[in-house]
Every structure is written in structure tokens, then in C-alpha cells.
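> Take a look at the following structure, please.
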Amino acid sequence: MALPDLSIRRPVATAMAFLAIVLLGVIAFTRLPVDLLPDVAFPTLTVWTQYPEAGPSEVERFVTEPIERQVSRVPGVRSVSSVSREGSSQVQLQFLWGTDMDFATLNIRERLDNVRYELPDDATRPTILRSDPTSEPVMTLASTSESTSLWELKELSENVFKRRLEQIDGVAQAAVAGGLEREIHVRVDPNRLEAVSVTIDQVSQALDAANYSAPGGTIRRGRYRYALRALGEFQTVDEIGETVVGRGSSGSVVLLRDVSTVEDSFADRETIARYNGRESVGLLIYKESGSNTVQVAERIDDTLDLLREQYPDVEVAIASSQAGFIRDAISNVVQALAFGAILAFLVLFESGRPGAGRRNVGGQLDHRVGKHLQAPRAGNGAGGGCGAGCT
């Protein structure tokens, strides 16, 4: 009873203590990092290795099996499974819960460095992939335009939108998906090459030598020293066709346009992005670890408003965002807390009213006593009479 007595004797101090607790709770609630998924590290690692132009049996024999022999001896490994496909090998490692995944990754890397010399020369260096639930993009954007071509839209997304979004505090990366990528195609005619006695290797070497930039030393002027560069890269498509690829049997100069066709085209498409049935350029935004998803989304919205003002011909829409789901979840929690606090206050207020419980108890007692009491009968005397059986 010391604490209740102290609270009654010191009402101001008690009220200030409760206000301090409430203030700390409000500050902690506003500064608490909010994310869709908890920070959980799954004990899973995947070793990815590419072996181009090799069948599944060769991949399993020369790549998958040597890697499995090395990584299976790492401490903490629970199971090892692998998938060998044409041109690629995938080895998945399951560790025990509680294993330090950073230390396990270092062990796996050391084992893979030891087995690197046993792999074929054409095989790439094994890559370690970690399973992280927070590696999903927090927001997906779609850029569309009626007056801008798909290639120009992708160039704008890579050179402007991507860089502006990566400058936002809390954004780790912005990846561009979809669209068209410019590529110069040189289609060599074998019959023309044979007619002028030029090989395809000569054409390739001539293009590499012509499209080259190298440092040209330095010059000094006064107290300053300036670096020089020899610029030899192609600037237009017509310059590519004027490249000298060799000399014919008669001694004449053979140009690239004499034995091939140079086309300004696009690369083979690997990804296609669509938004509301229209082809667009997608932007996948990844946030930094530990940053607040809702705050990052708000900063992205502000940046998108500025981009829409600067580029009115381009429509940048939010295709998906984790912030909306998180806001709804937080709103439901806040509403539940508010309703709970109101109900608790009403219950305490009703139970603390003066005489709220005593009236009910008194009424029940009067009702019970009234069943056993009877009114006295009228008699002849002043004090009343007593019927038969009175003592």
C-alpha cells in the first residue's frame, strides 16, 4: 500500500511521472523504424556458377560435383542440394539455425577459391547469393509517354530518373527494367569477304583498333599540368562504315561498308515492362537496410512530383509500394489502441462514481430483508396485542 498512498499524497508528482512516460512513448513511436518484414537472416546460401555451351551432364561432372565436395565440409552445414542445367550450376546450402552467416560466407568463399583451379577454364568464378527477405524492392515505378519513344524513355530513366532517385536518403539502388537498348549491328557478308580476301578476324581487329581511346600523356603550362587523351571512338554510324578492314588482292583499300551492312538497331530484349496494358519502362527501388520504409516512400513521392514538373510529357506512376500496406497496418494498430484506451477510461470512470456500487447492494439487502419481516397486527393495548402463541 506504500505506492498507492504515495500516489495519493503526491498527485502532482504522479501526474508528471505518467506524462513523462506518455511523452517517451510518443517519441519512441514516431522514431521507431517501420518495415514490412522483420530483420531475419535465413541460414541459406546459394553458389551460382556458369559454364557456357555445356550440357547438364558436363556441368554436373566438372562444376557441380567439385563444388559440392568442398562446401559440404564447412562447419554448420545441414544439407546440400544442387541443380545442374545447360550452361549453369546451382548449389544450395542449408545451415543450422543460429549459424553466423557472415562467417559462413567467408568459409564458403575460401573453399571456392581452393576449388577454382579444378573447374574448367571456360567456367566463371562461383558467385555466392544470400537469401534476404528484405532484398525485394519497396516500390515499383512505371514510366510511360505518348510523344517519347521507348528507347528515349529508357535513356531518360537511366540517366535522369535513376540518378535522382538514388540520391534520396534511404534509397540503396534503383534498377531499370524493360524498354529498348540501342545497339549497332554489323552484318558481314561472307561472299564479299571471300571476294576481297579479307577474313572475319581482320574485320574484328580493325573495329577494335578504330574504336579506341587512350591516354596521351600530359603537358605543362606554367604551374599547371594537363592530362591529354587520344579520342578514337566512333561518334556516328557512318564513321563505322568508313573503317579500313584490309586491302584487296589488287592493293585497293577495303572499307567495312564494302563487305558488310551497318545498322543502327536495338539489342535483344530480355525484359518487358507493362503498366495498364501499355509497354513502359520500370524502375525498381531498393531501400537501405534499417531505414524507414514509410519515410523513404514519402521522400520518393516528393521527388516524383519534381520530376513530373520538369518532364510533363512523361507519366511516372507508382505501380506497387510496400508503404501503403504498412500505413494501413499502423493505422489499424493506432485505432485499436485508441479504442482500448477509451473503453478503459469509461470503465474506470463508471466504477469510480460515488455510490455507484452501494445503491445496488443496498437495494438487494432491502429486498432480501423484506421477505422475512412482517407488519405488526393491531391490538387493544397501547403497545398492541399479541395473538395466540406469543411469548
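The values are calculated or read from the model by the stated rules, or taken from the named source; none is laboratory data. Owing to the predicted nature of the structure, the values given are computational and were not obtained by experimental measurement. Note that we place each Cβ from the backbone using ideal geometry, even for glycine, and neighbour counts take in every protein chain shown. SASA here: full protein model, heavy atoms, side chains in, ligands and nucleic acids out. Shrake-Rupley method; radii C 1.70, N 1.55, O 1.52, S 1.80 Å.
> Please find, within segment 324-337, the residue that is nearest to residue 22 (Cα to Cα) out of those that are open to solvent by less than 70 Å² (accessible area, probe 1.4 Å) and modelled with pLDDT under 85.
Taking segment 324-337 and keeping what is open to solvent by less than 70 Å² (accessible area, probe 1.4 Å), we get 324, 326, 329-331, 334, 336.
Filter again for modelled with pLDDT under 85, leaving 324, 326, 329-331, 334.
Details: 324: 27, 326: 24, 329: 22, 330: 18, 331: 19, 334: 15 Å.
Looking at residues that are open to solvent by less than 70 Å² (accessible area, probe 1.4 Å) and modelled with pLDDT under 85, I get 334.
> Can you tell me which residue within segment 256-314, out of those that are without any contact (Cβ under 8 Å) to a residue 60 or more places away in the chain and within 30 Å of residue 206 (Cα to Cα), is surrounded by the fewest Cβ atoms within 10 Å (Cβ to Cβ)?
The extreme case among them is 268.
> Determine, yes or no, whether residue 165 is in a helix (DSSP H, G or I) and within 20 Å of the chain's Cα centre (by Cα).
Values: in a helix (DSSP H, G or I): yes; within 20 Å of the chain's Cα centre (by Cα): yes.
Yes, satisfied.
> Show the residue pairs meeting these rules: Cβ distance below 8 Å; 6+ apart or different chains; first residue within segment 60-79 and on the phi > 0 side of the Ramachandran plot; second residue assigned to a strand (DSSP E or B).
Listed pairs, sorted by first residue: 76/95.
Yes or no, residue by residue, for (1) open to solvent by 80 Å² or more (accessible area, probe 1.4 Å); (2) polar (S, T, N, Q); (3) modelled with pLDDT of 85 or more; (4) under 49 Å from the mean Cα position of the chain (by Cα):
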| residue | (1), (2), (3), (4) |
| --- | --- |
| 187 | yes, no, yes, yes |
| 217 | no, no, no, yes |
| 230 | no, no, no, yes |
| 240 | no, no, yes, yes |
| 243 | no, yes, yes, yes |
| 249 | yes, yes, no, no |
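> Quick check on segment 189-204: of everything there that is assigned to a helix (DSSP H, G or I), among the β-branched types (Val, Ile, Thr) and open to solvent by less than 80 Å² (accessible area, probe 1.4 Å), which residue is farthest from residue 235 (Cα to Cα)?
First pass over segment 189-204, keeping only residues assigned to a helix (DSSP H, G or I): 190-196, 200-204.
Next, only the ones that are among the β-branched types (Val, Ile, Thr) stay: 196, 200, 203.
Imposing the further condition that a residue be open to solvent by less than 80 Å² (accessible area, probe 1.4 Å) reduces the set to 196, 203.
Numbers: 196: 27, 203: 19 Å.
For segment 189-204, the residue satisfying everything is 196.
> Still on this structure: Residues of segment 230-242 being over 14 Å from residue 187 (Cα atoms) and either touching a residue at least 24 places away in the same chain (Cβ under 8 Å) or not β-branched (Val, Ile, Thr) (or both), which ones?
Quick first cut of segment 230-242, residues over 14 Å from residue 187 (Cα atoms) only: 230-236, 238-239, 242.
Scanning segment 230-242 gives 230, 231, 232, 233, 234, 235, 238, 239, 242.
Yes/no matrix, rows are residues, columns are (1) at positive phi; (2) part of a helix (DSSP H, G or I):
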site	(1), (2)
147	no, no
153	no, yes
161	no, yes
169	no, no
172	no, no
177	no, no
206	no, yes
217	yes, no
220	no, no
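> Restricting attention to segment 138-150, which residues are open to solvent by less than 70 Å² (accessible area, probe 1.4 Å), over 21 Å from the mean Cα position of the chain (by Cα) and of a type outside the set (Gly, Ala, Ser)?
Going residue by residue through segment 138-150, those that are open to solvent by less than 70 Å² (accessible area, probe 1.4 Å) are 138-145, 148-150.
With over 21 Å from the mean Cα position of the chain (by Cα) added as a condition, the list becomes 144-145, 148-150.
Once the filter is applied, which keeps residues that are open to solvent by less than 70 Å² (accessible area, probe 1.4 Å), over 21 Å from the mean Cα position of the chain (by Cα) and of a type outside the set (Gly, Ala, Ser), segment 138-150 yields 144, 148, 150.
> Quick one: count up the residues across segment 81-137 that are surrounded by 15 or more Cβ atoms within 10 Å (Cβ to Cβ) and among the aromatic types (Phe, Trp, Tyr).
Summing the residues that are surrounded by 15 or more Cβ atoms within 10 Å (Cβ to Cβ) and among the aromatic types (Phe, Trp, Tyr) in segment 81-137 gives 1.
> Let me ask something else about it. Which of the numbered conditions does residue 212 fail, given that it passes all the others? Conditions: (1) closer than 30 Å to residue 140 by Cβ; (2) out of contact with any helix residue (DSSP H, G or I) (no Cβ under 8 Å at 6 or more places or on another chain); (3) in a loop (DSSP other than H, G, I, E, B).
Among (1) closer than 30 Å to residue 140 by Cβ; (2) out of contact with any helix residue (DSSP H, G or I) (no Cβ under 8 Å at 6 or more places or on another chain); (3) in a loop (DSSP other than H, G, I, E, B), the lone unmet condition for residue 212 is (1).
> OK, next. With the checklist (1) loosely packed, with under 12 Cβ neighbours inside 10 Å; (2) outside any strand (DSSP E or B); (3) in contact with a Ser or Thr (Cβ under 9 Å, 6 or more places away or on another chain) in hand, flag the one item residue 183 doesn't pass.
(2)
> Right, another one. Does at least one position in segment 321-332 carry a residue that is farther than 27 Å from residue 175 by Cβ and among the hydrophobic types (A, V, I, L, M, F, W, C)? Quick ask: steps written out before the conclusion?
As a first pass, look at segment 321-332 and keep what is farther than 27 Å from residue 175 by Cβ: 330-332.
With among the hydrophobic types (A, V, I, L, M, F, W, C) added as a condition, the list becomes 330.
Taking every residue of segment 321-332 in turn, at least one turns out to be farther than 27 Å from residue 175 by Cβ and among the hydrophobic types (A, V, I, L, M, F, W, C).
> Considering segment 1-43 alone, what residues qualify as being at pLDDT 80 or above and hydroxyl-bearing (Ser, Thr, Tyr)?
Result: 14, single match.
> Within segment 46-61, can one find any residue that is aromatic (Phe, Trp, Tyr), surrounded by 14 or more Cβ atoms within 10 Å (Cβ to Cβ) and assigned to a strand (DSSP E or B)?
Yes, segment 46-61 contains a residue that is aromatic (Phe, Trp, Tyr), surrounded by 14 or more Cβ atoms within 10 Å (Cβ to Cβ) and assigned to a strand (DSSP E or B).
> How many of the residues in segment 62-80 are open to solvent by 70 Å² or more (accessible area, probe 1.4 Å) and farther than 24 Å from residue 98 by Cβ? Break it down stepwise before answering.
Of all residues in segment 62-80, those open to solvent by 70 Å² or more (accessible area, probe 1.4 Å) come to 62, 65, 69, 73, 75, 78.
Now drop any that are not farther than 24 Å from residue 98 by Cβ, which leaves 62, 65, 69.
Result for segment 62-80: 3.
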